[in-house]
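The values are calculated or read from the model by the stated rules, or taken from the named source; none is laboratory data. The model shown is predicted, which means the values in this text are computed figures rather than measured ones. Positions of Cβ are backbone-derived with ideal geometry, glycine not excepted, and every protein chain shown enters the neighbour counts. Accessible surface areas use protein heavy atoms only, side chains included; no ligands, DNA or RNA. Shrake-Rupley method; radii C 1.70, N 1.55, O 1.52, S 1.80 Å.
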Amino acid sequence: MTESAQSYFPSIPPNAPKATISYCRSVQEAPISALMGVVVDARIPERHPVTPRCRVRKMVGSTNRWRLPESLGSDLLGSSQAIKAVHMSYNNSLVNIITAESPVLNMNLDISRPYMFRQTDDRPITEPDRKYSQQRLSVDSFTVPATAPSVKLRNTPSPLAPIRKFVPTNARPATPKDIFLYHSKKSHSLLGPDVVLKCLSMDWELHRPFLQKADVLASLVKDAEDPKFHKYYRTPASETLDTYIKKNQFYSNDYKEISNRLSMVEDPQEEEVKGVDHPAHVSEKRVNSVSIIKLDCHDPLLTKTAMAVALGNLYHDELEVELEEVANVLAAASVLGFKALQNTCGKMMLENISHRTVCKYHLAASKYQQEQVVLACERWLELNLIPQMSCQIQLRDVPMDLLQKILKSNRLFTFNEYSIYRLLSYWLFLQLNPHIQLMPSHSTVLSYYNSLPKNCALVEKDEGQIYAPLFSAVRLTGITDTNHIQDMQMMNILPQSQLIDLLSQHYHALQGGGDMGSLRNFNAYSVRQGFIVDDEPHYHSEVLSLHGFHFELKAVRSSAGHVAFYMQRLKPGDPILSFRQCERHTFSMRPDREVRYCITVQQCNKGDNAVLTTGIVSQKFGLGDKTSRSECLKMEKLDCPVYVTFAVMFPSS
């Protein structure tokens, strides 16, 4: 085969238009924007960019939503429709609209074929019946297939997985047997295989000298019975036909036994006609020296392809593993006792942790004692659970016990306390709606929780009590924004008594000069706020407002070359405060305020975390230049990204 036939470079598909991606989101947010009224800056919200041709109404009936974002003013009819749209339940029709497929909203990447809708439970098959003429039916259409077809149930939902590699239509996909033969062809054995491993409903022909690399296989061969005759298929066509009959439920068990008996031969000398590829062309020594060993495996991570790669690597000095199969190959290597391959898979997993792989890697590493990989996955989640996983559909794959462990970690990075609550609400939404294939918008999640019965909170119901420990990890005292508290009240996940207690604590703190007297454990009740430094910083600043006190959180590069992280108390008229903060927020005029704080800077590089912290420091902050600045945390070299967290608590004064 020539080099041009072996390589295939598909053309890059065109990018989806931005209007197509944002259309459904604009429909969801339009009634909420219209009901908010005039904003502070008095700017008119922008409509979704559509052409006059696209202004045909596509949603009617129960899904007829108000879709104009401008302020309603005195439009009573429009206000009624917008309120109805906001409070509408999250029904199946709305789900179908948001996640719909159509030639208008989706691209048809294969221009040579007509567009075909995906098949789901709520959409029956609509493919027209194909009419075949008698002339097109020929003997060639009834030839035995090259591989046995796989049966797939229509109602079985396909799990979320990465996009598969493109395979040309004239190319046959590689089977596990092909992969194993590709690796084992380097054995250069003239006598052929002398060990047959029966595993995963397949017979793997192995060579005894190479099995010493795997401890489990070596022990099985050592304890195996005396060598026996091994049956071979008469021809490759007989093997394909017999495999097809075994997998097909149409044939009876008696017919399957007859087919297997007629397709296989134990003594190659019985055959009279012997072709070049006939199994009779083997030495008698090979036939008489085959040891049969069995290995039972019942692990969903263990696949035939992974077993083929693991067994094939027994014949290699330099191990070869594809990145997409590394977790499955680790499972196969652990079952076989192939320690060298286990270490190789562990190193590959450490270097390729991302939001797509972290859950699968953690599951495989926990099951097969890869402690370093487990620790690296947990460290990655501590830093990237809020910044990355919160906006990815892979969030639903995070198990509840792992999520609870990460949320209770002192090294968890978060932008603010409400980010943790929002993450949990999204995770719970994906658990209650497993059919969702795209990450929902915030308005969609809000509408779903708002549509649930209001007789009690979600965590107080029978089906929601198991999620209560997760929400207990949220530090509610750090959620001070009224819009955030209003969203929490509308979702009705937490009991109303808990929200009333939260508002009561905020009121007493404002009346008491900022004192958080009932909260004494700093690691459990301090208010956190953080930011990420993605590039080399010269200056980064954010404002932390808590109970009438405002602090500027800074990251500054000094003239000496090091980067300094510190916090500084702001005066009421400080220029860094926005107009809304100066006009609407509360300011405490106390000349000094005792504050307990902790500044933490973290970096992560291939599983290795570097943590630099000031520890818990108690200091009085005044309004003067000398008393308004905290302790300074300095770093000489930054490996971006850098995760900076400020934790603050006001003790009783």
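Carbon and sulfur: what percent of the range 507-581's accessible surface (1.4 Å probe)? List each step's numbers first, then the result.
Working: 1760 of 3520 Å².
Ligands and nucleic acids excluded, carbon and sulfur give 50 percent.
Can you tell me which of 578-587, 355-364 comes out highest on packing, and rank the rest after it, using the mean Cβ neighbours within 10 Å? List each step's numbers first, then the result.
Values: 578-587: 11.9, 355-364: 21.6.
Ranked from most to least packed, the peptides come out as 355-364, 578-587.
About the Cα centre of the range 301-416, how large is the charge dipole given +1 on each Lys and Arg Cβ and -1 on each Asp and Glu Cβ? Please answer in debye to the nearest 20. Show your work: numbers first, answer last.
On the way: 11 positive and 12 negative charges, 98 e Å.
Approximately 460 debye in magnitude.
Rounded to the nearest 0.05, what FRET efficiency do Asn253 and Lys198 have when you use their Cβ-Cβ distance and R0 = 25 Å?
Numbers: r = 20 Å, r/R0 = 0.78.
Approximately 0.80, to the nearest 0.05.
Tally Lys/Arg at +1 and Asp/Glu at -1 over every other residue whose Cβ is under 12 Å from the Cβ of Ile420; what's the total? Working shown, then result.
Working: positive: Lys408, Arg422, Arg475, Arg528; negative: Glu417.
My count for the surroundings of Ile420 gives +3.
Counting only other residues whose beta carbon sits under 13 Å from that of Arg569, what net charge do I get with K and R as +1, D and E as -1? Don't jump to the answer; show the numbers that get you there.
Working: positive: Lys554, Lys571, Arg590, Arg593, Lys620, Lys626, Arg629; negative: Glu552, Asp574, Asp592, Glu594, Asp625.
With Lys, Arg at +1 and Asp, Glu at -1, the neighbours total +2.
If we count every other residue with Cβ under 14 angstrom of Gln505's Cβ, Lys/Arg +1 and Asp/Glu -1, where does the sum land?
Numbers: positive: Arg475, Arg520; negative: Glu417, Asp501, Asp515.
Within the 14 Å Cβ shell, the charges total -1.
Under 1.5 on a/c is rounded, so check that first for the range 420-560, then, if it is not, pick prolate when a/b is larger than b/c and oblate when it is not; a ≥ b ≥ c are the square roots of the alpha carbon gyration tensor eigenvalues.
Values: a/c = 2.43, a/b = 1.39, b/c = 1.75.
Because a/c hits 1.5 or more and a/b fails to exceed b/c, the range 420-560 counts as oblate.
Of Tyr251, Tyr448, Tyr507, which has the most accessible area and how do the rest follow, probe 1.4 Å?
Details: Tyr251 70, Tyr448 30, Tyr507 135 Å².
Descending order: Tyr507, Tyr251, Tyr448.
Would you work out the relative contact order for the range 521-614, in percent, from Cα pairs under 8 angstrom that are 6 or more residues apart?
Working: 97 pairs, mean separation 15.8, N = 94.
That works out to 17 percent.
For the range 547-653, with equal point scatterers placed on the C-alpha atoms only and solvent neglected, what are the log10 I(q)/I(0) values from the Debye formula at q = 0.10, 0.14, 0.18, 0.24 1/Å, to two decimals?
Rounded to two decimals, the profile gives -0.34, -0.64, -0.95, -1.32.
So for Cys199, Cys391, what's the accessible-area order with a 1.4 Å probe, most first?
Cys391, Cys199
Which whole-number percent gives the relative contact order of the range 437-572, counting Cα pairs below 8 Å spaced six or more residues apart? Intermediate results must be reported in sequence, preceding the final value.
On the way: 129 pairs, mean separation 23.0, N = 136.
It comes to 17 percent, rounded to a whole number.
With θ set to phi - 60°, apply the Karplus curve 6.51 cos²θ - 1.76 cosθ + 1.60 along the range 453-464 and write out the HN-Hα couplings as whole Hz, x wherever there is a Gly or Pro.
With coefficients 6.51, -1.76 and 1.60, one gets x, 9, 5, 7, 5, 5, 6, 8, 7, 5, 7, x Hz.
Roughly how many Å² is the accessible area per residue of the range 480-548, as a whole number, for a 1.4 Å probe? Could you put the intermediate results ahead of the total?
Numbers: 3560 Å² over 69 residues.
Solvent-accessible surface per residue comes out at 52 Å².
Can you sort Ile576, Ile493 by 1.4 Å-probe accessible area, starting with the largest?
Values: Ile576 60, Ile493 0 Å².
So, going from the largest accessible area down, we get Ile576, Ile493.
Once you put a point 7 Å from the Cα of Gln581 and another 7 Å from the Cα of His435, both along the Cβ direction, what distance in nm separates them?
Each label point is offset 7 Å from its Cα along the Cβ direction, giving 4.6 nm.
Longer than 20 Å from Cα to Cα, which of Lys256/Lys304; Lys347/Lys637; Lys198/Lys222; Lys198/Lys360 are they? Say none if no pair is.
Values: Lys256/Lys304 23 Å; Lys347/Lys637 26 Å; Lys198/Lys222 16 Å; Lys198/Lys360 27 Å.
Violating the 20 Å Cα-Cα cut-off are Lys256/Lys304; Lys347/Lys637; Lys198/Lys360.
Which value, in nm² and rounded to one decimal, describes the direction-averaged projected area of the C-alpha convex hull of the range 548-596? Please report the intermediate quantities before stating the final value.
Numbers: hull surface 18.1 nm².
For the range 548-596, averaging the hull's shadow over all directions gives 4.5 nm².
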